[in-house]
1. Within region 159-172, is there a residue that is without any contact (Cβ under 8 Å) to a residue 40 or more places away in the chain and within 28 Å of His61 (Cβ to Cβ)?
2. Determine which member of the set Val127, Val101 is crowded, with 19+ Cβ neighbours inside 10 Å, of a type in the set (A, V, I, L, M), in contact with a helix residue (DSSP H, G or I) (Cβ under 6 Å, 6 or more places away or on another chain) and in contact (Cβ under 8 Å) with a residue 60 or more places away in the chain.
3. Kindly state which helices (runs of 4 or more DSSP H) lie completely within region 1-100 and contain at least 2 residues that are farther than 29 Å from Gly308 by Cα, within 20 Å of the chain's Cα centre (by Cα) and at pLDDT 85 or above.
4. Looking at region 191-198, is at least one residue hydrophobic (A, V, I, L, M, F, W, C), crowded, with 24+ Cβ neighbours inside 10 Å and in contact with a Gly (Cβ under 8 Å, 6 or more places away or on another chain)?
5. What do you reckon, is Ala120 outside any helix (DSSP H, G or I) and either of a type in the set (Val, Ile, Thr) or surrounded by fewer than 21 Cβ atoms within 10 Å (Cβ to Cβ) (or both)?
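The values are calculated or read from the model by the stated rules, or taken from the named source; none is laboratory data. Keep in mind that what you see is a predicted model, and the values were worked out from it rather than measured. Cβ atoms come from the backbone with ideal geometry, glycine included; neighbour counts cover every protein chain shown.
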Amino acid sequence: MNAERPFVPAEAEGLDEAVATRAPAADGRASFAEPRILLPFLLVTLIWGSTWIVIRDQLGHVPPFWSIAYRFVIAAAAMFAFAALRRDPLRLPRAGAAVAVVLGLSQFTLNFGFVYAAEAYVTSGLVAVVFAMLFLPNALLGRAFLGQRVPARFVGGSAIAAAGIALLFAQEWRAGAGSSTLLGILLTIGGVLSASVGNVLQATSRVRALPIATLLAWSMAVSVVANGAIALVLSGPPAWDPRPAYLAGLLWLGVAASALAFFLYYGVVRAVGPARAAYSSVLVPVIAMGFSTVFEDYHWSTLAVAGGGLALVGLLVALGGPRR
């Protein structure tokens, strides 16, 4: 679905201005009714809705930052292979290299570090629910740094979705409230803010001039180094879980939830802007609860049903058509 033309730097020292001007910042005018946007959006949401159970299974066996490092070894290898298959340039100019470092640290190191740490204190469902608020900092940062206005329809839909998220939050709070719950929520908020930086960065004109696959490959490679260094400091030498389920989980998280999903998601961000793209996070808790129903015998309460329904209505209102 990526309609980018391959990027070939005119100067090794920096990003060519002519190329950058061909990729103006995302203004959010594209419609979710377009298959090139709707289908990747739905696939990403489905994939990310499945990750919370997998991450939960990996906790307690291997220190979190080692698991994250392994995940992005797989993801980076997959992205480099994909970029080569697409015949995208495998080299980034100096300006692109700086972007890869910022993206690798914000999106693939701090974000995931906070999320994995949070799941050690609160339920995966509560983490997913708090993360559903990603659209809020995305909208605010998009307004501040990209000049993207927030239309009334988006505000109204967001208010409805926020009410649904509040009901889901109440449900999960009842299930997992305890002395460590506040710490888990604060860690999740740290993950939300870190992810938002990466999301908004992706919508700027200079970053949109870079091919997604190449940028993601180098960003994930940066995160491998950063996560590995943090793991060494915090947890010592590399550890491994011999269970087949652990390796299967890493492959799913690395290939599907990281390489494929972020490639598709950043394409949506570049097309519709970070605020509207982040609405995938609104549906993720509902999907996560669906997976939990099948694999963990999760029982839907009245609050959960009402919250999921409101989240869906808010999504339809906020994203129903192109911005004017």
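1. Scanning region 159-172 turns up no residue that is without any contact (Cβ under 8 Å) to a residue 40 or more places away in the chain and within 28 Å of His61 (Cβ to Cβ).
2. Val127
3. Values: elements: 17-21, 35-58, 64-85.
Those helices (runs of 4 or more DSSP H) span 64-85.
4. No, there is no match, as no residue in region 191-198 is hydrophobic (A, V, I, L, M, F, W, C), crowded, with 24+ Cβ neighbours inside 10 Å and in contact with a Gly (Cβ under 8 Å, 6 or more places away or on another chain).
5. Judged against the criteria, Ala120 is a match.
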